[in-house]
Amino acid sequence: MRKPTTLRLPERMDSRWRRERRPVTRNNYRRRMTESRDPHADGPTPGPFSALLGFRYISVDEHEAVVEADPGPEHCNGGGIVHGGFLASLLDTTTGWAVHARVPDGAAAPHVHLSIQYVRAAVPGAPLVCRGRCVGSGRRIGSTEAEVTQDGVVVARAVGTHAVLAPPAPAEGSA
């Protein structure tokens, strides 16, 4: 019989770190997602993941969302071209901002589908510009499309579908 292997967690994931975090349950996840706060009250700002990737929000309105990025060597695959996951994240972020500009305030609109077509290789060192738009938004579904260009040439495009989740109704007796 084989002896079980002991898995050492990275320092940041030790037991003390886990104790400090609340476990995600259905109720506290919903509560955190529906808190009445607007982290982008002064205009769009990148979330932690987008900031990590270096995305810059250029503009967002009801017609179009524009996000830029400067890929470096750290964003490349083993072949030296920009990793498809980096391009997918840029398309995901841009289409998300495009649909959020068209849904009611307080509504969430997570992707339920994102289809990406990689047209040609993107290279590090030249800026990427992603332009996305919401082509339709109803009570339950939003549809988006976006293109990533580098030096004016399309490198990837996407179409996405979003579930429009209405904000929760205020509890009775609350102001």
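Results, tabulated for the structure shown:
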item	result
Enumeration of residues in region 60-75 that are touching a Gly at 6+ places or on another chain (Cβ under 9 Å) and either without any contact (Cβ under 8 Å) to a residue 24 or more places away in the chain or of a type in the set (Lys, Arg) (or both)	none
Test set (1) within 16 Å of VAL67 (Cα to Cα); (2) at pLDDT below 95 - ALA107 fails condition number	(1)
Selection status of VAL129, within 17 Å of ASP151 (Cβ to Cβ), crowded, with 23+ Cβ neighbours inside 10 Å and modelled with pLDDT of 95 or more	no
Leading residue by the ranking (nearest to the chain's Cα centre (by Cα)) among those in region 137-156 that are exposed (fewer than 14 other Cβ atoms within 10 Å of the Cβ) and at pLDDT 95 or above	VAL154
Single residue of GLY152, GLY80, GLY136, GLY72 found to be under 30 Å from PRO168 (Cα atoms) and not basic (Lys, Arg)	GLY136
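The values are calculated or read from the model by the stated rules, or taken from the named source; none is laboratory data. All figures in this text were calculated on a predicted structure; none of them were measured in a lab. Positions of Cβ are generated from backbone atoms using ideal geometry, with glycine treated the same way; all protein chains shown enter the neighbour counts.
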